[in-house]
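Student: After the structure tokens below, expect a handful of questions from me.
The values are calculated or read from the model by the stated rules, or taken from the named source; none is laboratory data. All figures in this text were calculated on a predicted structure; none of them were measured in a lab. Note that each Cβ is placed from the backbone with ideal geometry, even for glycine, and that neighbours are counted across all protein chains shown. Remember, those area values only see protein heavy atoms, side chains included, never the ligands or the DNA or RNA. Shrake-Rupley method; radii C 1.70, N 1.55, O 1.52, S 1.80 Å.
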Amino acid sequence: MKLQPIIQSLLDTDLYKFNMDQVIFHKHTDLCGQYFFKCRNRDIVFTPEMEDEINAQIDRLCTLRFTKEELDYLRSIRFIKNDYVEFLRLWRPIRDYVTVSRTAEGELSVVVDGPLFSAMQFEIFLLEIINEVYFRMKYDYEVLRKSAEEKLDAKIKALNDGTYTFKFAEFGCRRRLSREWEDVVVKRLATETDKCVGTSNVYLAKKYNLTPIGTYAHEYVQMYQGIDKIPLAYTNHYAMKDWYEEYQGDNGTALTDTITTDLFLRDFNRSNVNNYSGVRHDSADPYEWGEKIIKHYESFGVDPKTKLLLFSDSLDFDRAQALYDYFKDRTKVSFGIGTFCSNDTCEKALNIVIKLQYVNGRPVAKLSDAPDKAMCRDENYLEYLKRSVEFRLEREK
């Protein structure tokens, strides 16, 4: 079964890939990275035919270049700088950086290895490819599509009849059912409701004249673990410092949980509280997290109603509504909803990730606020990082 090209534009990715890459382009071009794929679902089997199709899709991806129209669009985003856009005019995805294989039992292995400014761009493209290949080749796609349509109809009805009253952005690139289905979802949410404020998908934001939404991901903070001169427990400090220098308070929502929110708050000082418009939640109990962030703002005399809490951890619409009702009178609240927008079907979605694991040959890790979301290929390093975090937290009580 041969599929049509899944990635047809290099804009078909999350905005934060460009945001992070611009900082790397300006400050850290000496960094090299290794990314590894992981499927968190149990007993998922990728067939030899799926492996072949994934490789063929990556081959096609690596023939793409940014068009003039696409570059002009990136240039129109207020915080994307002209020199970075000119770099993208020359940039292309390089096939040699990506290796795909599978075990006899059908476990898929994907490794991306190259200069960080280039290797990091593969993540979303590869997840889009892997997910669509799996669902098209394992199931009857039309059955999946029909069930997705029925569920989307119900969501749109609920968004319009007052069942759901919150605003949100579509964050569905990485685990979407297909390219064409995410297109349908974004178009319908944007035109048939007044609740969708934008999308993380830059291609679809351009196509439908929506706001492209995103700041940075865990890999951005993780990469500072690979820089020799930076103490491990201070990577949030240096990550936020570089981000502010790059964007001067624009594009200013900080991710809290790369090496625990408790440690993040040690570096989220008065200056950063003022400089960043809000923070994003991505692991552990969202209510406890929200209370902790509100208390932190109040400790600096800052009105939480002037700051944004952005929730993005495995949200469905009911969970988002409950969070909105709980926090709406105390702070600004918004949501990034991914899989439950772009791959809500009669079959269980894949929980797949591609995570940065080495920088300049050194292991890096995401600790998270939820222990089961920690990911590191070097257990000794992971324990060392945990001790570094615990030591600073204990010392700065």
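Student: When the residues of region 4-19 are narrowed to those that are open to solvent by 20 Å² or more (accessible area, probe 1.4 Å) and part of a loop (DSSP other than H, G, I, E, B), which ends up farthest from residue 213 (Cα to Cα)?
Tutor: Of region 4-19, the ones open to solvent by 20 Å² or more (accessible area, probe 1.4 Å) are 4-5, 8, 16.
The next check asks that each one be part of a loop (DSSP other than H, G, I, E, B); those that pass are 4-5, 8.
Numbers: 4: 28, 5: 25, 8: 21 Å.
My answer is 4.
Student: Sticking with this one: With (1) closer than 29 Å to residue 225 by Cα; (2) open to solvent by 20 Å² or more (accessible area, probe 1.4 Å); (3) hydroxyl-bearing (Ser, Thr, Tyr) as the list, and residue 84 as the residue in question, which single condition is left unmet?
Tutor: Result: residue 84 fails condition (2) only.
Student: Which residue is nearest to residue 227 (Cα to Cα), if the candidates are limited to region 359-373 and must be out of contact with any helix residue (DSSP H, G or I) (no Cβ under 7 Å at 6 or more places or on another chain) and open to solvent by 30 Å² or more (accessible area, probe 1.4 Å)?
Tutor: 361
Student: Here's something else I'd like to know. Which pairs turn up if I take residues in region 38-59 that are under 28 Å from residue 9 (Cβ atoms) and among the β-branched types (Val, Ile, Thr) and look for partners that are open to solvent by less than 40 Å² (accessible area, probe 1.4 Å) and assigned to a strand (DSSP E or B) with beta carbon separation below 6 Å, at least 6 apart in sequence or on another chain?
Tutor: 54/100; 58/98
Student: In region 377-394, which residue that is in a helix (DSSP H, G or I) and basic (Lys, Arg) is least open to solvent (accessible area, probe 1.4 Å)?
Tutor: Among those that are in a helix (DSSP H, G or I) and basic (Lys, Arg), it is 392.
Student: A further question follows. Of all residues in region 207-228, count the ones that are in a helix (DSSP H, G or I) and either within 16 Å of the chain's Cα centre (by Cα) or surrounded by 21 or more Cβ atoms within 10 Å (Cβ to Cβ) (or both).
Tutor: Number of matching residues: 9.
Student: Looking at (1) touching a strand residue (DSSP E or B) at 6+ places or on another chain (Cβ under 8 Å); (2) of a type outside the set (Phe, Trp, Tyr); (3) touching a residue at least 12 places away in the same chain (Cβ under 8 Å), can you tell me which one residue 374 breaks?
Tutor: Here residue 374 meets the rest and fails (3).
Student: Moving to a separate point now. Regarding region 157-168, can at least one residue be identified that is within 16 Å of residue 339 (Cβ to Cβ) and either among the polar types (S, T, N, Q) or outside any loop (DSSP other than H, G, I, E, B) (or both)?
Tutor: The answer is yes; a qualifying residue exists.
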